[in-house]
Amino acid sequence: MSRIFSRQELYDLVWSTPILQLAERFGISDRGLAKTCERFHIAVPGRGYWAKIEAGQPATRTPLWKTDNPAYQTIEIGGAQRHGNPQLAFAAKAAHDAVLAAGQKPVLKMKRRDVQKTAAEASASADDETEVNTVAPATLELIERPHSMIMGIVLDLQSATPDQDGGISLEGIRIHEGSRTRIIALLHNLAHALELRSITIGHGKSGLRAEMPPDAVRFEILEGRKLEKHEPTPSELRKEMDFQRRRDLATRRGQWLPPEQFYPEYAYHYSAKLSFEVHNWADGARKKWSDGKRQTLEGVLESIADGTLYHLHFYKARREKREEDERRWQHMARRRELQKRRNDREQKRIHFLAGLAAYQREAADLRGVIAKASASAGAEPEYQRMIDWAKDRLAYLEGQNDIGPLTANLRSQNLFPQNDELFDPEGDPP
């Protein structure tokens, strides 16, 4: 049976009941409960905490770490449901909210059953409707003034030299030379759609990037291609036949001509179908859009822009969460360092007080010896010199026990400062 708790409720439970007993009550292992607390940033009592409580001694409770992350506020314990990663859930929700805030619908990957349901509804509606909605045609007109964000990409595309198959490859782009006009128009319209969402397009060694500084995600636009056996053209066949005649003639003359190849055995054939893919790890979000029987990239530009916005905000939420975790880790590391220094200072205090008590015991013993010697008459010179040394030793010990030297010694070792720089208002860390 599962139980739902808030962070505050679970925190109160683990600090009021030993975790072993609490885990037995929930029907899980104590290690599993401790891992759940760690996952949701809930400190648990350290070693010796419950022993101090049983002995009636004061024990410091580590305060609950504050976080505004909504994915951390509700905790389910027990039952068949496994905890997902609350950090990923928070990032997904933040990205979803960002797309909604932009006035758009979130772009999520449809589950298999939803795809089947949609296909069935589309089939049923097709039987009832006589009107057929056609897909918006690809934008092939030349863009005379491309968007300023893509001018560098346009210049690279226009100056690129096609390979033997007519292919053009840039960082993040691989198309046929015949698709240059279309890809420029597509990037131009995509730049306008992204600009409305405060997103810019960058291009460099890492390829194409959609940017909302300091965050960026990579994407690429590819044209489908297939490697097929090359069918030689008549011109290529004529060149091959001419060379073979010259080679036969050279052979009859006792000469040798090295073989030449006038056409490749295989070649890439481009399909003119483009695909747009975002390279990011936002699970559950759509990453790829492609030309199909019923759509073109030009017809889903708004969906592509929304998807890009989703990925950027997902990345932003993950980055901010990592930074928060790093700050928390540094905070805990500082607290543990303070605790270590406090423990070291405590040992020095104990050593100092033990030395002081030893001095006082020695001084008391010396006073007794000196008093007894003073009552004796006719002591030998050696004995008298010992007593004189004992008086000097007693004077030294009394000097060490005076308030002035003691205070100076304490101040030099900084054992009991008025403003304690090692004080931790949160108590001892777990």
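The values are calculated or read from the model by the stated rules, or taken from the named source; none is laboratory data. Every value quoted in this text rests on a predicted model; they were computed, and no experiment measured them. Note that we place each Cβ from the backbone using ideal geometry, even for glycine, and neighbour counts take in every protein chain shown.
The table for this structure:
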quantity: One residue from Arg327, Arg294, Arg349 being modelled with pLDDT under 95 and surrounded by 13 or more Cβ atoms within 10 Å (Cβ to Cβ); calculated: Arg349
quantity: Residue match in region 224-241 (condition: out of contact with any strand residue (DSSP E or B) (no Cβ under 9 Å at 6 or more places or on another chain), among the polar types (S, T, N, Q) and either surrounded by fewer than 20 Cβ atoms within 10 Å (Cβ to Cβ) or not assigned by TED's automatic domain parsing to the domain that holds Glu195 (or both)); calculated: yes
quantity: Qualifying residue in region 2-20 (condition: at pLDDT 85 or above and on the phi > 0 side of the Ramachandran plot); calculated: no
quantity: Leading residue by the ranking (nearest to Ser179 (Cα to Cα)) among those in region 270-318 that are in contact with a strand residue (DSSP E or B) (Cβ under 6 Å, 6 or more places away or on another chain) and among the basic types (Lys, Arg); calculated: Lys273
quantity: Scan of region 277-289 for residues that are closer than 10 Å to Ile304 by Cβ, surrounded by 20 or more Cβ atoms within 10 Å (Cβ to Cβ) and in contact (Cβ under 8 Å) with a residue 60 or more places away in the chain, ordered by number; calculated: Val278
quantity: Those residues of region 137-196 which are charged (D, E, K, R) and in a helix (DSSP H, G or I), in sequence order; calculated: Asp156, Glu177, Arg180, Arg182, Glu195
quantity: Residue match in region 380-387 (condition: in a helix (DSSP H, G or I), of a type in the set (S, T, N, Q), under 30 Å from Ala95 (Cα atoms) and free of Cβ contacts under 8 Å to residues at least 60 places away in the same chain); calculated: no
